[in-house]
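Data block below; observations after.
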Amino acid sequence: MYYERKNLGFSFELPDGWREMVGNKPLTFCGPNGYIGCTSEVIQIQIATILPKYVDPCSREKFLAEPGAEISRDKVGDETNVVVLKRQSNGEMSIVRDGMHYCITYDYDATTMKAIKRLKESAKFPSCEKADAIIQQHSDPRTQAVNKAINAGTAEEARRFLSDAGIPATKHSGYTEHHIRDKND
């Protein structure tokens, strides 16, 4: 299975039989016998920006350290800024590249470990320019407000997020419209 997050330029391969659980947050992949809520054949990936103080792997090692867990370093694709946390129950890879943080959690069953090996060998990361553009886009208060509004629990909450970010509302009969883009955008 080939996965590519086109808007970011992040891609990797997993063995045949793995599938993306579309619409899931975090990004979730299940093996041939895996499913959400299962303790095997599940890989989850979160992609976000990272605070500057955690870019250095030594800082992340200290932050991630847990009693009874092992910390090590690894390589994913061509990236060596990788910290691995090995807990008794599951593993976590913390990868930082060009200001983006890729956090991958997984279980230790044989099928998942084979998939993790393939992911590590095949991972490709976005160019520095593309990563910077994504960071700038997601740092924009309007983009953050739209993301919050999409995930809001109620229409009133969504309208409040947009209004607080300075996104104007126009009331119409039966609905409210927010103009996300300015004429200059």
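Values quoted throughout were computed directly from the atomic coordinates according to the rules given, and no laboratory measurement underlies them. No experiment lies behind these values; they were computed from the predicted model shown. When we count neighbours, we look across all protein chains shown, and the Cβ atoms used for this are built from the backbone with ideal geometry, even at glycine.
Tabulated values for the structure
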quantity: Signed unit charges on C-beta, dipole axis of the chain, positive-most listed residue Asn81, Ala165, Ile43; calculated: Ala165
quantity: Folded to 0 to 90 degrees: helix 141-150 orientation relative to the chain principal axis, Cα; calculated: 80
quantity: Highest-fluctuation residue, Lys86, Lys75, Lys25 considered, GNM on the chain with Cα pairs under 10 Å; calculated: Lys25
quantity: Förster-model FRET efficiency, 30 Å R0, Ile150 and Thr39, C-beta, rounded to 0.05; calculated: 0.50
quantity: Sequence-distant residues sharing a close amide H with Ile50 (under 5 Å, placed H); calculated: His101
quantity: Listed residue pairs exceeding 18 Å between alpha carbons, taken from Lys86/Lys117; Lys86/Lys114; Lys75/Lys114; Lys62/Lys86; Lys6/Lys124; calculated: none
quantity: Cα-projected label distance for Ser89 with Asp16, points at 7 Å along beta-carbon direction, nm; calculated: 3.5
quantity: For Thr39, Thr49, Thr105, Thr112, order by how many other beta-carbon atoms lie within 10 Å, fewest first; calculated: Thr39, Thr49, Thr105, Thr112
quantity: Crossing angle, helix 155-164 versus the chain [Cα axis fit, 0-90 degrees, rounded to tens]; calculated: 80
quantity: Listed candidates (i) -0.31, -0.85, -1.23, -1.47; (ii) -0.34, -0.80, -1.05, -1.26; (iii) -0.25, -0.67, -1.00, -1.35 - label of the one calculated as log10 I(q)/I(0) by the Debye sum over Cα atoms at q = 0.08, 0.13, 0.16, 0.19 Å⁻¹; calculated: (ii)
quantity: Theoretical FRET efficiency, 1/(1+(r/R0)^6), r = Cβ-Cβ of Ser122 and Lys171, R0 35 Å, to 0.05; calculated: 0.10
